[in-house]
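Undergrad: Take a look at the following structure, please.
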Amino acid sequence: YGQERGRHGAGKAYAWGERDVLFRKGVHLRLVNVGPSSNVDRGELGYPVCLVCGQSCSPFSSEKQREHFVEDHGKRCGRKVEPTGFYADVTADALSLPDCADRTEAYSVLEALRVGASAVLDMERDDLEILVVGKPNSETVDALLYDPMPGGSGLLDQLCEKFDEIVKRGLDICRGCEANCMSACVDCLCTFRNAYFHRYLNRHIA
């Protein structure tokens, strides 16, 4: 997961049909690793880590093993072991779509743009990363396609310059899925690397 930290550099605002698209340099982001996606789906956030001695237990270990780990470190280290997440603060150039209707729209559109960009530009699909930022008490989200390269690689500048061509390629891939899938599959939007948000991908919505 992630959030914006309220700071960014210069940027430009565009209109994409009736939608706003923002391209901003140096967006300050906090990225948070809250645990394995299979556990998160069950509502189990964080990793079992003792914050006194630093020892950890695999989040995939049995419930009995984790209970023993918590009990043992509670006695030895004198502090209760609680689920722990890890975060990193980064500064990155980002193309954002504010106020998407929900996560399905956000992830689907961003992945379609990323697929289109990899077909048009000299880039790998994972050269740009996806971040969807939720809002309290709302289904609407902000969708960000960001450049993880320190200082920026220039890919987002090229994406903006060739936006129409990239959108067309993304649409062609979504509409022309060889498997004619119901939502998304490996022939259109799904890869091993984006498995965390497969459940949100829908080529028809994109």
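Undergrad: Any residue at all in the range 164-184 that's assigned to a helix (DSSP H, G or I) and in contact with a strand residue (DSSP E or B) (Cβ under 7 Å, 6 or more places away or on another chain)? Write out each step before concluding.
TA: Of the residues in the range 164-184, the ones assigned to a helix (DSSP H, G or I) are 164-175.
Going one step further and asking which of them are in contact with a strand residue (DSSP E or B) (Cβ under 7 Å, 6 or more places away or on another chain), we end up with none.
No: zero hits.
Undergrad: While we're here: Go through the range 53-87 and give me each residue that's in contact with a helix residue (DSSP H, G or I) (Cβ under 9 Å, 6 or more places away or on another chain), of a type outside the set (S, T, N, Q) and surrounded by 14 or more Cβ atoms within 10 Å (Cβ to Cβ).
TA: CYS57, PRO59, VAL81
Undergrad: Here is a further query. So for the range 1-13 (the condition being open to solvent by 80 Å² or more (accessible area, probe 1.4 Å), touching a Cys at 6+ places or on another chain (Cβ under 9 Å) and either closer than 30 Å to GLY170 by Cα or modelled with pLDDT of 95 or more (or both)), does at least one residue qualify?
TA: There is at least one residue in the range 1-13 that is open to solvent by 80 Å² or more (accessible area, probe 1.4 Å), touching a Cys at 6+ places or on another chain (Cβ under 9 Å) and either closer than 30 Å to GLY170 by Cα or modelled with pLDDT of 95 or more (or both).
Undergrad: How many residues does the range 88-112 contain that are open to solvent by less than 40 Å² (accessible area, probe 1.4 Å), farther than 22 Å from MET182 by Cα and either in contact with a Gly (Cβ under 7 Å, 6 or more places away or on another chain) or among the polar types (S, T, N, Q) (or both)?
TA: Count: 2.
Undergrad: Name the single residue, out of those in the range 40-52 being open to solvent by 60 Å² or more (accessible area, probe 1.4 Å) and over 23 Å from the mean Cα position of the chain (by Cα), that is nearest to PHE86 (Cα to Cα).
TA: Among them, the one singled out is LEU51.
Undergrad: Let me ask something additional. Listed residues LEU189, LEU121, LEU145, LEU128; which is on the phi < 0 side of the Ramachandran plot and over 20 Å from the mean Cα position of the chain (by Cα)? Give the derivation first.
TA: Numbers: LEU189 fails: over 20 Å from the mean Cα position of the chain (by Cα); LEU145 fails: over 20 Å from the mean Cα position of the chain (by Cα); LEU128 fails: over 20 Å from the mean Cα position of the chain (by Cα).
The match here is LEU121.
The values are calculated or read from the model by the stated rules, or taken from the named source; none is laboratory data. What you see is a predicted model; the values in this text were computed from it and never measured. Using ideal geometry, Cβ is built from the backbone for each residue, glycine included, and neighbour counts are taken over all protein chains shown. Only protein heavy atoms, including side chains, enter the accessible area calculation; ligands, DNA and RNA are left aside. Shrake-Rupley method; radii C 1.70, N 1.55, O 1.52, S 1.80 Å.
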